[in-house]
Every structure is written in C-alpha cells, then in structure tokens.
2 protein chains.
Amino acid sequence: MLVNYPNGTKTKQTYILHGNRGMSLENDINETNEYYLVHNMAVIYKKPTPITVVKVDFKSRIDAVIKEAYYKTPSTTDYNGVYQGKYIDFEAKETRNKSFFPLANIHKHQIEHIKKIIEHGGIGFLIVRFTHYNLTYFLDGSKLISFIENNDRKSIPISYFQEYGKLLETKYAPRLDYLKILDKIIKEGDDF
Amino acid sequence: MLVNYPNGTKTKQTYILHGNRGMSLENDINETNEYYLVHNMAVIYKKPTPITVVKVDFKSRIDAVIKEAYYKTPSTTDYNGVYQGKYIDFEAKETRNKSFFPLANIHKHQIEHIKKIIEHGGIGFLIVRFTHYNLTYFLDGSKLISFIENNDRKSIPISYFQEYGKLLETKYAPRLDYLKILDKIIKEGDDF
C-alpha cells in the first residue's frame, strides 16, 4: 500500500489524506464491486488496510481517537468475496511503467496467498493497469504463478498480459466488468 | 469491535493497547486458522479492523506514523476465506451474559452481509462463546437469519444455540475445529 502514498522526505511533514486522490484503479474496482452488490450479482469487498494500533485516546467509549498507529505489510490480497458460491480473491495494481509490470509491486506473501487460493479451489487473479496507455488487464493467478516460476526477471512484460491476460474495458457501469471473465473461467477453465 | 475496548470515562485518558488481552475467542480462532493454513487445510483470515486514517506523519516513505485515525463500523464480518473451493464467512463474538446472546453485539450490516453470503452460495455462520460457562457454539447463518426474521426479541437465548447450534470443543490443536462442522454442512446440508 505504501507505494501509493505521497513520497516522503527526510524532513518530517504532516499530510492530510484526501479520500481516494490518484487511486483511480481502486476507485473503479470499488465502484464495480458496489454495482455488483447493489445488483445482487456478487459480494466482493476491499479488505481494510492492515494497521497496528499503538495508542488510543478514549474520550468516551464510542469516541476513541487513535493517536499512534503504523501500516503493516499485508499478508493477503486486497479484495475477496463470493460469486456463484465460489471464493474470489484478487489484487489490483497500477503502474506508470510503459513496458513492464514490476513485481516489486506485489509482496511475496501476496503471491504465496494467490497460489494457496488456487490450490484450495478458489479463483485468484491480478488486475493490472498500465496508466500510460490506460489499459487494464485481468491476469489469472495460474498465469501469474507460472510466469514467476519460469522466469528470473523482476517484472512481467506488457506482452505477457497481452498474450495471457484479458483486456478489461472501462465502461460507465459497471466500471470494470471482471465477472464477465470469471463467467468464462467458471464455464471453460482458465485457458479459454 | 468497540465493545472489546476498555470502558471509556468522561475524562480523557490514553491507553496503551496490549496485543490480545481478554480476546480469547479471537485468539482461539486465529490459532485455529493458523493451524488450518500451516496444515494446508483451508485459507481463512481475520480481516483487519476498518480504520479511517486522517493524519499521517511521513518521516520517510517507509516510516509513516498515523497520528489521527478513527475506528469505523464494519460493514462485513471479521473472518473469511476458502475451504474446498467454497466461500467461508463468519463473525465471532463472546458474551458474559449467562442466558442470552444480545443481538446488539452484531451490527445490522453484518447480519445483512451473512444473508447475502448465503444467497450467493457461500457458507456464512456465527461462532458465539458464552464465557461464563466457557461454551462455544457454531450457529449456521440460516439459523441466525431465521431467528431474527421470526422473533422481535433483541437477544437469542442460549437454548436456541443448544437446539440449533453445534457445540465446538476447545482442544489443544486446532483450538476450535469448526471445519469438522463445515464438512458435515457441505456433505449433508445445514440440517444434519
């Protein structure tokens, strides 16, 4: 998550965080999930960001103010839920890079997690947006794992997404209709 | 979540939070989930507590300190994951009450969430511990919903858990083997 926050400087500064500034892929996915929920198509949520709370002021029992806390490295992915009884789990990332998706954008724990999800019969995948072209790809977890296990490189070339991923159109509503791709995976397996 | 924090007083006080003090059901479930993960039986995690971050000090990019944040009301349950390809979703609560489980312990959103999970083919349930007797019950989501839809009362009597729930033994490892109950539900439906 930290990669999305403003760049820090050596001098101590305080930032006020504004809702979703610059998090457009996240916004698109949240709106899509909201659409799915409202239309009773699927129940998929973004997990809260993991935070370690150290100090809390309790003015009253329902009025607690957290005064010191830290971001934790996530051990799972950001999104999960249920679609047609199946367990759905994915991570979404943007990159400004024009040719590659740097694997440093995903934690090792998260890749291990996607691998386990697949082993247990869930559907795990990645959504990656190349912001320079505004192109958003769905990459099945099995394709992600097979790239990592067969390559030493620290980034996935955009050509891999073109060949093995599915392009996700951005529409008005739902913004990024990834259930359409899940339908095909559920029906035909991930090699459709 | 707030019900588990120290009682607030009118005067402002600062508490240092100690890990899991007094959260023994949560500990038991976390250890159980860890056991399932290590033994490659299921992938089930506790979701992070939802927090709204307002102010962050960035000493450096990887050294952000949250200086002001607030607890949010959760819209989903605390635990979810995958078991045998199926979507698993539950909430866990302790009560010191000897005769009833007060429904004020679960948010309306969470009950709606469990209902939706069941509609979409997932397995949703409740784990409730009556701490006075140290008795822990598994209550299928359908039984929870049917109680709420057929009663005006604001609490579920312990007799309802005895009749419609399943007693979960506390063991050394896994602490609370709720997958055993899921096995029966998957095989025989929730009326076994």
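Per-residue mean of foreign Cβ neighbours for A:105-114 is 0 (Cβ atoms of other chains, 10 Å radius). The mean count of C-beta atoms from other chains within 10 Å of the C-beta of residues in B:50-56, rounded to a whole number, is 6.
The phi torsions of segment B:97-106, fed into the Karplus equation with coefficients 6.51, -1.76 and 1.60 and a -60° offset, translate into couplings of 4, 8, 10, 9, 9, x, 5, 4, 5, 10 Hz, rounded to whole numbers, with Gly and Pro shown as x. Position A:LYS154: other-copy label points at 5.8 nm, ordered by increasing distance, label point 7 Å along Cα→C-beta.
The charge dipole of segment A:123-177, taken about the Cα centre with unit charges on the Cβ atoms of Lys, Arg (+1) and Asp, Glu (-1), comes to about 180 debye, rounded to the nearest 20.
For chain B, the mean residue ellipticity at 222 nm estimated from helices alone is -8500 deg cm²/dmol, where every DSSP H run of n ≥ 4 contributes -39500 (n - 2.57) and the total is divided by all residues, rounded to the nearest 500. Viscosity 1.306 mPa s, temperature 10 °C: what is the translational diffusion coefficient of segment A:22-188 from Stokes-Einstein with a Kirkwood Rh over Cα pairs, rounded to a whole number of µm²/s? Once the numbers are plugged in, D ends up at 92 µm²/s.
Relative to the Cα centre, the charge distribution of chain A, modelled as +1 at Lys and Arg Cβ and -1 at Asp and Glu Cβ, gives a dipole magnitude of about 760 debye. What the Cα atoms of the protein assembly as shown give is an Rg and a Dmax of 21.8, 63 Å. Selection among A:ALA173, A:ASN151, A:PRO74 by position relative to the dipole of segment A:22-188 gives A:PRO74 as farthest towards the positive end (Cβ unit charges, Cα centre). The rule of thumb for compact globular proteins, 2.2 N^0.38 Å, goes into the C-alpha radius of gyration of segment B:92-192 1.04 times.
The magnitude of the dipole of segment B:54-144, with charges of +1 and -1 set on the Cβ of Lys/Arg and Asp/Glu and taken from the Cα centre, is near 180 debye. The other copies place their B:SER99 label points at 7.5 nm from this one, listed shortest first, where each point is 7 Å from Cα along Cα→Cβ. The other copies place their A:ALA173 label points at 5.1 nm from this one, listed shortest first, where each point is 7 Å from Cα along Cα→Cβ.
With θ taken as phi - 60° and the Karplus curve 6.51 cos²θ - 1.76 cosθ + 1.60 applied, the whole-hertz 3J(HN,Hα) list for segment A:144-152 is 4, 4, 5, 4, 5, 6, 10, 9, 8 Hz, x standing for glycine and proline. Contact order, relative form, for chain A: 17 percent (alpha carbon pairs under 8 Å, 6 or more residues apart, mean separation divided by residue count). Among the trypsin sites (Lys or Arg not before Pro) in segment B:91-155, those placed in a DSSP loop whose Cβ has at most 13 other Cβ atoms within 10 Å are B:ARG96, B:LYS98, B:ARG153, B:LYS154.
Amide hydrogen proximity for B:ARG129: with H placed 1.01 Å from N in the peptide plane, the residues at 5 or more positions away or on another chain lying under 5 Å are B:LYS93, B:GLU94, B:THR95, B:TYR137.
Averaging Cα coordinates gives a centre for segment A:107-167 and one for segment B:113-132; these two points are 32 Å apart.
Rule-based calculations on the coordinates, nothing more; no lab input. Nothing here was measured: the structure is a model prediction, and the numbers come from that model. Cβ atoms come from the backbone with ideal geometry, glycine included; neighbour counts cover every protein chain shown.
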